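S.K.: Just dropping this structure here.
The values are calculated or read from the model by the stated rules, or taken from the named source; none is laboratory data. What you see is a predicted model; the values in this text were computed from it and never measured. Positions of Cβ are generated from backbone atoms using ideal geometry, with glycine treated the same way; all protein chains shown enter the neighbour counts. We work out accessible area using only protein heavy atoms, side chains counted, and drop any ligands, DNA or RNA first. Shrake-Rupley method; radii C 1.70, N 1.55, O 1.52, S 1.80 Å.
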Amino acid sequence: MPLTSAFIIPCSLFDILKMWSLNNITGIIHDWLYQTFSPTWALTFEMVIAGVAVIGLFAVLGLILVIMERKVSAWIQIRLGPNRVGPKGMLQSLADTLKLLVKEGLTPGGADKFLFNLAPIIAMIVAMLLMAPIAFAKDFQLWDLNIGVLYVSAVSSIMVISILMAGWASNNKYSLMGAMRSGAQIVSYELSAGLSILSIVVLTGSLNISDIIYSQADGWWIFKGHIPVIISFVIFIIAVTAETNRAPFDLAEAESELTAGFHTEYSGMKFALFFLAEYVNVFIVCAIGATLFLGGWMPFHIGNWEGFNHVMDYIPSSIWFFGKTFFLIFVIMWFRWTFPRLRIDQLLNLEWKYLLPISMFNLLLVTVIAILGWHF
Amino acid sequence: MHLVITLNGETIKKVEPHLGFIHRSIEKMCESLTYRQFIYVTSRMDYLSAHINNQACALCVEKGMQIEVPERAQVIRTIMAELTRIASHELWWGAMAMDIGAFTPFFHAFREREKINDIMEETCGARLTMNYMVPGGVMIDLHPDFQRKVKEFITLFKLKIHEYDELVTGNIIFRNRMKDVGFLSKEDAISYGCSGPAARGSGVSCDIRKLYPYDAYNKVQFEEVIETAGDSLARYMIRIKEMNQSVHIIEQLIDNIPEGDFQAKTKAVLKLPKGEFYTRVETARGELGVYIVSEGATTPYRIKFRSPGFSNLSALDHMARGSKLGDLVAMMGTLDLVIPDIDR
Amino acid sequence: MVGMRRTGYYFTHHKEIITQEYPDNRDTLKLPERFKGEVVMPHDENNEHRCTGCTACELACPNGTIKVVTKFDITPEGKKKKAIDKLVYHLELCTMCNLCIIACPSDAIVMAQTFEHSVFDRAELTKILNNPGSKIMDGVE
């Protein structure tokens with residue numbers, strides 16, 4: 001009797017998980033909408049729901065990532081971290097957000113008001129647009145467009161415009177310096193990030209994100225693709241750390257040199273938008289990294305171990321996806337709290353003299369592997 | 001302090017330090033205080049090596065009064081000064097890494113520094129501005145736990161010192177940031193009047209503890225750390241090695257604190273004879289000189305402090321020209337500027 | 001890379017956390033007995049102190065923190081005897097330099113370990129160290 005009950009409970013648990021998986025929920029809502037309303041209205045409602053969901057996810061992600069960063073940094077620095085608001089300080093970032101909401105958003109006297117106010121909004125919009133093609137779980141995607149990877153790399157380049165805009169419009173020497181550094185940095189690191197993404201595209205033969213994920217059903221690219229893919233994964237991580245302006249590449253806001261870089265003059269909610277956009281960008285690049293190299297929502301499978309693979313399949317796909325993404329985010333935070341900052345010329349040297357040639361050569365290797373079919 | 005920097009893009013054309021933002025006219029204040037009282041004010045000068053500042057003043061008054069300091073007091077002073085030096089270098093290491101952009105070392109450095117502060121608190125009654133030196137010795141005898149605590153600290157410090165190399169010194173980014181940055185030649189170091197690790201990094205032998213030993217420094221074996229490269233990395237390495245030397249000095253003295261008085265018998269009111277007196281000591285930042293002009297009264301007629309930070313700062317413009325903005329922060333870090341020490 | 005191993009070690013070893021949760025650890029907080037918090041004048045159970053009003057502390061103080069206000073008591077024998085009326089202590093000026101304590105010939109004042117001195121009114125920082133109605137202990141000259 002105890003044996004059977006022990007067997008039944010996990011099974012029913014899995015069933016519940018399956019029933020409530022994100023895919024099913026969206027399916028139910030979709031069906032219900034199309035049954036109740038005319039197709040046009042149903043589509044409109046779906047779009048509204050998606051929009052609200054993205055904004056909600058945006059806010060929640062920001063809160064989670066801020067508290068995560070503060071806890072990670074605290075533990076690395078042998079501190080306790082936030083521990084006052086809520087259980088173990090978990091509501092600290094919510095309290096901070098409230099504080100930022102009620103603060104006054106100052107606009108400095110000599111600033112270009114229009115650009116100054118536009119910049120954080122652009123940063124926000126870019127981060128939101130990037131959410132579209134990401135597959136959060138099995139068949140759960142806002143927009144499965146056939147050039148997903150291209151879309152991501154194209155839209156993420158717009159980010160630099162908001163930073164340059166903020167730096168220029170602030171009419172402040174620190175902001176301008178920060179913006180110029182950031183511009184140079186993002187434009188150059190975009191290259192190696194793009195090239196390392198390309199190596200996966202070459203292996204998969206598709207720009208479609210869900211195709212890329214399905215191609216990893218029998219193993220993640222980082223395992224299947226031999227050393228070249230591992231190299232491009234490392235380059236990708238370095239490049240996206242630089243692209244999101246995080247230490248050791250946080251020259252745009254190097255606080256010992258430039259106070260706070262491009263957002264020196266921002267306060268209140270406008271500052272919070274930049275802050276939020278930075279964290280959401282980190283999430284997005286990590287999600288893309290997880291999708292391309294670690295198989296997105298694909299569970300971890302080992303060769304012919306049927307039993308093991310079967311157990312892995314029971315873990316919901318959204319948990320796989322978020323687990324991988326948060327692992328990568330943790331790695332990037334680990335970088336930030338360990339390494340000192342680079343100098344601007346060293347930063348550009350690293351990109352143009354080392355990373356770019358390596359990733360170009362690496363792309364060649366990957367192409368050879370893909371043509372000869374040496375990967376698994 | 002306020003640095004006015006003329007930039008060409010990222011390259012520095014000129015650095016002009018604007019001083020005086022925390023000038024408190026300590027030298028003038030000292031003129032109205034008696035020889036016992038003025039010592040506490042000097043803790044506020046270079047607050048990171050407050051102990052050594054006090055020591056310099058006490059030494060100068062003792063020189064003027066020709067007070068023979070008991071051996072126990074000398075040894076206590078030396079141990080305290082070396083503990084202060086370690087604490088100061090710890091803080092410098094953390095702040096330096098923070099300037100470069102690594103946040104974690106700051107907390108790791110404070111972990112060990114806290115232990116020193118606890119020792120200080122127990123014996124002197126305060127953590128930062130101890131005011132433990134008086135003319136003729138030290139204020140109170142050592143706390144009974146002092147020797148045990150210091151030995152504990154040394155054991156802990158030796159366990160943790162390798163972390164500094166792991167976290168910062170060995171880091172490739174850090175080495176690239178420091179190497180060949182802020183070059184200061186031997187001649188320039190001498191002509192700008194640099195002292196302490198800033199000058200020793202350029203190969204100038206200027207350790208007062210070695211050249212003109214005071215208190216118990218002639219009884220201990222230690223090396224004067226000298227690097228010849230003259231760049232930021234050399235100055236960095238000197239401070240790291242100096243911490244080890246300080247531990248070495250403390251190890252020699254901690255078990256051999258002689259019995260006896262901790263303070264010489266002095267008159268209630270100290271009056272320095274008419275004349276001029278100058279002593280110098282090696283603080284954590286360099287050479288601190290105390291110059292007293294006495295007219296024979298209970299208060300000094302004029303006091304001048306030759307502070308190491310001020311001279312070291314003067315070399316900054318020379319070092320920084322032509323380098324990048326990010327390097328300036330690294331250079332200021334390795335010069336170990338303490339602003340109240342510069343402004344007084 | 002070695003640095004990352006070190007930080008990773010601390011990330012996973014929470015036992016080494018050194019944060020002191022200050023306002024919460026008031027009960028367990030132990031300050032060393034020599035800690036210089038503020039100057040106090042101990043009184044015994046008969047409301048007697050040891051201060052003779054010699055003003056040595058006032059002279060020793062570099063900042064004018066201590067003001068001794070003296071009065072003359074008439075002893076039973078009819079002699080006039082100097083004693084303190086008030087010993088005024090300006091905590092806001094005090095730098096805890098300990099000079100008054102070592103200057104005091106009769107050990108009448110000591111350093112206390114209290115350190116939470118913040119108040120809303122500056123006048124509260126000016127303290128009178130001797131209790132009202134206190135008198136000097138017998139045998140202290």
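S.K.: Per the Kirkwood formula on distinct C-alpha pairs, the Rh of the protein assembly as shown is how many angstrom?
M.R.: 31.6 Å
S.K.: Across peptide A:328-334, what mean number of C-beta atoms from other chains lies inside 10 Å of a residue's C-beta? Show your work: numbers first, answer last.
M.R.: Working: counts 0, 0, 1, 1, 0, 1, 4.
Mean inter-chain Cβ contacts per residue within 10 Å come to 1.
S.K.: So for B:His318, C:His49, what's the accessible-area order with a 1.4 Å probe, most first? Mind showing how you got there, number by number?
M.R.: Working: B:His318 75, C:His49 5 Å².
Sorted by accessible area, descending: B:His318, C:His49.
S.K.: Could you work out Rg/(2.2 N^0.38 Å) for the range B:150-252, with Rg from alpha carbons only?
M.R.: Normalised Cα radius of gyration, the range B:150-252: 1.18.
S.K.: Taking the simple approach of a point 7 Å from Cα along Cα-to-Cβ for both A:Gln35 and B:His23, what is their distance in nm?
M.R.: 8.4 nm
S.K.: Given a 1.4 Å probe and the protein chains all in place, what does the accessible area of A:Phe136 round to, in Å² to the nearest 10?
M.R.: 20 Å²
S.K.: Roughly how many percent of the accessible protein surface of the protein assembly as shown is carbon and sulfur, given a 1.4 Å probe and a whole-percent answer?
M.R.: 63 percent
S.K.: Taking only Cα atoms, what is the 0 to 90° angle, nearest 10, from helix B:71-100's long axis to the longest principal axis of chain B?
M.R.: 20 degrees
S.K.: Shifting gears a bit: Near A:Ala179, within a Cβ-to-Cβ distance under 12 Å, what is the net charge of the other residues, with Lys and Arg +1 and Asp and Glu -1?
M.R.: Local net charge: 0.
S.K.: Mind jotting down the distance between the C-alpha centroids of the range A:181-235 and the range A:112-132, whole Å?
M.R.: Rounded to whole Å, the Cα centres lie 27 Å apart.
S.K.: How shielded is C:58-66 by partner chains, expressed as the average number of their Cβ atoms within 10 Å of its Cβ atoms?
M.R.: Whole-number average of other-chain Cβ neighbours for C:58-66 is 3.
S.K.: Starting from the Cα-Cα distance between B:Glu223 and B:Ala264, subtract it from 0.36 nm times their residue separation and give me the gain in nm to one decimal.
M.R.: Full extension of this stretch gives 11.7 nm more.
S.K.: When Cβ neighbours within 10 Å are restricted to other protein chains, what is their mean count per residue of peptide A:68-80? Don't skip to the answer; put the middle values down first.
M.R.: On the way: counts 0, 0, 0, 1, 2, 5, 5, 8, 12, 14, 15, 6, 6.
Partner Cβ neighbours, averaged per residue: 6.
S.K.: So how tilted is helix B:104-124 from the main axis of chain B? Cα-based, degrees 0 to 90, rounded to 10.
M.R.: So the inclination is approximately 0 degrees.
S.K.: Okay, moving on. How many Å³ per residue does the convex hull of the Cα positions in the range B:2-343 occupy?
M.R.: 122 Å³
S.K.: Another one. Rounded to the nearest 0.05, what FRET efficiency is calculated for C:Leu31 and C:Asn131 with R0 set to 25 Å and r the Cβ-Cβ distance?
M.R.: The formula returns an efficiency of 0.55 here.
S.K.: With the crude spin-label approximation of a point 7 Å out along Cα→Cβ, what separation in nm comes out for A:Ile125 versus A:Val52?
M.R.: Using points 7 Å along Cα→Cβ, the separation is 2.4 nm.
S.K.: Sticking with this one: Distance in nm between label sites at B:Glu71 and B:Lys149, each 7 Å beyond Cα in the beta-carbon direction?
M.R.: In this crude spin-label approximation the distance works out to 2.6 nm.
S.K.: Here's another thing I want to ask about it. Going by alpha carbons, how many degrees (0 to 90, nearest 10) lie between the helix axis of B:50-65 and the longest principal axis of chain B?
M.R.: Orientation of helix B:50-65: about 40 degrees from the principal axis.
S.K.: Further, regarding this structure: If I stretch the segment between A:Trp352 and A:Asn146 completely, what's the gain in nm (0.36 nm per residue apart, minus their alpha carbon distance), one decimal?
M.R.: Separation in residues times 0.36 nm, less the Cα-Cα distance, equals 71.1 nm.
S.K.: Any chance you could list P(r) for the range A:61-123, counting all Cα-Cα pairs in 10 angstrom bins from zero, rounded to whole %?
M.R.: Over the range A:61-123, the share of Cα pairs per 10 Å bin runs 19, 34, 25, 19, 2 percent.
S.K.: Local charge sum around A:Ser170 (other residues, Cβ-Cβ under 10 Å, Lys/Arg +1, Asp/Glu -1)?
M.R.: -1
S.K.: For the range C:32-133, what is the Kirkwood estimate of the hydrodynamic radius, computed as the reciprocal of the mean inverse distance between distinct Cα atoms, to one decimal in Å?
M.R.: 14.4 Å
S.K.: What does the charge count around A:Phe37 come to, taking other residues whose C-beta lies under 14 Å from its C-beta (Lys +1, Arg +1, Asp -1, Glu -1)? Show your work: numbers first, answer last.
M.R.: Details: positive: none; negative: A:Asp31, A:Glu46.
Net charge in that neighbourhood comes out at -2.
S.K.: Quote the accessible area belonging to B:Glu287 in square angstrom, nearest 10, computed with a 1.4 Å probe and with ligands, DNA and RNA left uncounted.
M.R.: 20 Å²
S.K.: Quick one: go through the range A:345-363 and flag any residue whose amide nitrogen is under 16 Å from the point 7 Å out along the Cα-to-Cβ line of B:Ile172.
M.R.: A:346-359
S.K.: Could I ask something else about it? To the nearest 10 square angstrom, how much accessible area does A:His263 have with a 1.4 angstrom probe?
M.R.: Roughly 30 Å² of A:His263 is accessible to a 1.4 Å probe.
S.K.: So for A:Ser153, A:Ser175, what's the accessible-area order with a 1.4 Å probe, most first?
M.R.: My answer, sorted largest first, is A:Ser153, A:Ser175.
S.K.: What is the ratio of the Cα radius of gyration of the range A:103-372 to 2.2 N^0.38 Å, with N the residue count, to two decimals? Write down the numbers at each step before the final one.
M.R.: Details: Rg = 19.4 Å, N = 270, 2.2 N^0.38 = 18.5 Å.
In units of the 2.2 N^0.38 Å rule of thumb, it is 1.05.
S.K.: Which entries of B:Lys28/B:Lys186; B:Lys179/B:Lys241; A:Lys113/A:Lys324 have Cα-Cα distances beyond 29 Å here? Don't skip to the end; give the middle numbers.
M.R.: Working: B:Lys28/B:Lys186 34 Å; B:Lys179/B:Lys241 17 Å; A:Lys113/A:Lys324 41 Å.
Flagged as over cut-off: B:Lys28/B:Lys186; A:Lys113/A:Lys324.
S.K.: Compute the accessible area per residue over the range B:2-343, keeping the other protein chains in place, probe 1.4 Å, unit Å². Display every interim value, and only then the final one.
M.R.: On the way: 12060 Å² over 342 residues.
Ligands and nucleic acids excluded, the figure is 35 Å² per residue.
S.K.: Here is a follow-up. Just to make sure I understand: if all protein chains stay in place, what is the order of C:Glu124, A:Glu190 by accessible area at 1.4 Å, largest first?
M.R.: C:Glu124, A:Glu190
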